[in-house]
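Asks: Take a look at this one; I'll ask things after.
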Amino acid sequence: MTAQVLKPEEYFITEEPYYEPVGNEIEVFEAAWDNQLPVLLKGPTGCGKTRFMEHMAWRLKRPLITVSCHDDLTASDLVGRFLIRGGETVWVDGPLSRAVRAGGICYLDEIVEARKDTTVVIHPLADDRRVLPMEKLGELLEAGDDFCMAISYNPGYQSVLKDLKQSTRQRFVALEFDYPSPELEAKIIVRESGIEPPLAEQLVKFAQMTRNLKGSGLEEGASTRLLVHAAKLVKSGIDPVAACRSSIAQALTDDEEMLAAVNELSASVF
């Protein structure tokens with residue numbers, strides 16, 4: 001039996017990801033990392049949680065291994081499994097094991113999408129034990145001081161079936177994310193897309209209108225990510241109303257009445 005060779009250098013972020021802090025989230029994350037405390041990011045879709053994690057990995061000079069959680073994610077997907085390659089049995093580490101061995105940051109994005117019996121595998125890593133049981137190897141993998149466990153979820157999508165259990169939640173230092181202030185959001189859009197500030201301000205105004213419809217026909221309003229998408233289309237010559245229709249309205253809903261309402265909002269702004 002052989003083991004897959006670990007290449008942590010593949011997961012280092014070499015160039016600084018653009019990120020504008022909205023509070024003291026950078027300082028809190030650094031303090032949590034210094035004290036080997038796991039971190040929970042919670043906030044709406046597209047508000048910058050993943051970009052924040054990329055920025056912190058670059059800032060702390062640690063490899064970042066990201067897992068997009070889903071219903072079919074198993075514990076073996078995270079920890080690892082035996083595979084047959086070339087007639088030989090090979091142990092292949094999962095992303096969680098690779099992060100522990102490399103002293104990196106393991107980021108489980110949208111943790112509530114994973115099965116309950118899968119998420120419990122992170123519990124020993126997210127408390128004072130800081131160990132990962134490798135049951136198939138009969139090994140207890142200890143996390144070094146550089147390892148960080150981070151997870152995220154969107155509280156707006158919580159339900160009885162997809163809630164974060166208290167046994168998981170209470171292991172983490174929580175950072176709450178929201179959309180930036182209008183001034184900062186416009187600055188981000190300009191920086192990410194290259195459009196002129198007045199147009200970015202109009203996009204932010206339109207986004208705030210859609211966010212006011214949350215719970216009144218829309219599950220979520222326009223995210224900062226969607227605004228950047230629209231801005232890039234406009235930068236490429238697409239009419240602002242058409243850009244908002246394609247990159248924002250159609251992304252938010254399939255309901256014909258709500259689509260018409262959102263499109264009317266964009267037409268009123270532009």
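Asks: Which lysines have a Cα less than 27 Å from the Cα of Lys116, not counting those fewer than 8 places away in the same chain?
Replies: Lys42, Lys49, Lys136, Lys162, Lys165
Asks: Would you work out the relative contact order for region 80-189, in percent, from Cα pairs under 8 angstrom that are 6 or more residues apart?
Replies: Across region 80-189, relative contact order equals 25 percent.
Asks: Provide, in order from the shortest bin, the percent of all Cα-Cα pairs of the chain in each 10 Å bin, continuing until the bin that contains the maximum pair distance.
Replies: Distribution as computed: 6, 26, 29, 22, 13, 4, 0 percent.
Asks: I need to check one value: relative contact order of region 182-269, counting alpha carbon pairs closer than 8 Å and at least 6 residues apart, in percent.
Replies: Over region 182-269, the number comes to 27 percent.
Asks: How large is log10 I(q)/I(0) at q = 0.10, 0.11, 0.15 Å⁻¹ when the Debye formula is applied to the Cα atoms of region 22-172, each weighted equally and without solvent?
Replies: Scattering profile of region 22-172, log10 relative to I(0): -0.34, -0.42, -0.77.
Asks: Continuing with the same structure: Checking the cross-link filter: which aspartates and glutamates have an alpha carbon closer than 19 Å to that of Lys61, excluding same-chain neighbours under 8 positions apart?
Replies: Filter leaves Glu9, Glu10, Glu15, Glu16, Glu20, Glu25, Glu27, Glu30, Asp34, Asp145, Asp146.
Asks: Shifting gears a bit: Would you list which aspartates and glutamates come within 15 Å of Lys235, measuring only between C-alpha atoms, while excluding same-chain residues fewer than 8 positions from it?
Replies: Glu192, Glu196, Glu201
Asks: Would you compute the Debye intensity of region 179-229 from its alpha-carbon atoms alone, equal scatterers and no solvent, and pass along log10 I(q)/I(0) at q = 0.31 Å⁻¹ to two decimals?
Replies: Ignoring solvent entirely, the Cα scatterers give -1.18.
Asks: To the nearest 20 debye, what is the magnitude of the charge dipole of the chain about its Cα centre, counting +1 on the Cβ of each Lys and Arg and -1 on the Cβ of each Asp and Glu?
Replies: Dipole size: approximately 320 debye.
Asks: Based solely on C-alpha atoms, express the radius of gyration and the Dmax of region 147-270 in angstrom.
Replies: 16.6, 50
Asks: Putting +1 on Lys and Arg Cβ atoms and -1 on Asp and Glu Cβ atoms, find which of Ser246, His55, Thr168 reaches farthest to the positive end of the dipole of the chain.
Replies: Going by the charge dipole, the pick is Thr168.
Asks: Given that compact globular proteins tend to follow 2.2 N^0.38 Å, what is the ratio of the alpha-carbon Rg of region 218-258 to that value?
Replies: 1.13
Asks: State the answer as a single residue: which of Gly237, Leu213, Ala99 lies farthest towards the positive end of the charge dipole of the chain, with beta carbon charges of +1 for Lys and Arg and -1 for Asp and Glu, about the Cα centre.
Replies: The residue sitting most towards the positive pole is Ala99.
Asks: Okay, moving on. Mind checking which helices in the chain clear 30 Å along their axis (Cα) and have mean Kyte-Doolittle hydropathy of -1.0 or more, DSSP H runs only?
Replies: none
Asks: Rounded to the nearest 500, what is the 222 nm mean residue ellipticity of the chain from helices alone, with -39500 (n - 2.57) per DSSP H run of 4+ residues and division by all residues?
Replies: -10500 deg cm²/dmol
Any read-out appearing in this document is the output of simple, stated calculations on the displayed coordinates, not a laboratory observation. Because the structure is a prediction, the values reported are computed rather than measured. Backbone-built Cβ (ideal geometry, glycine too); neighbour counts: all protein chains shown.
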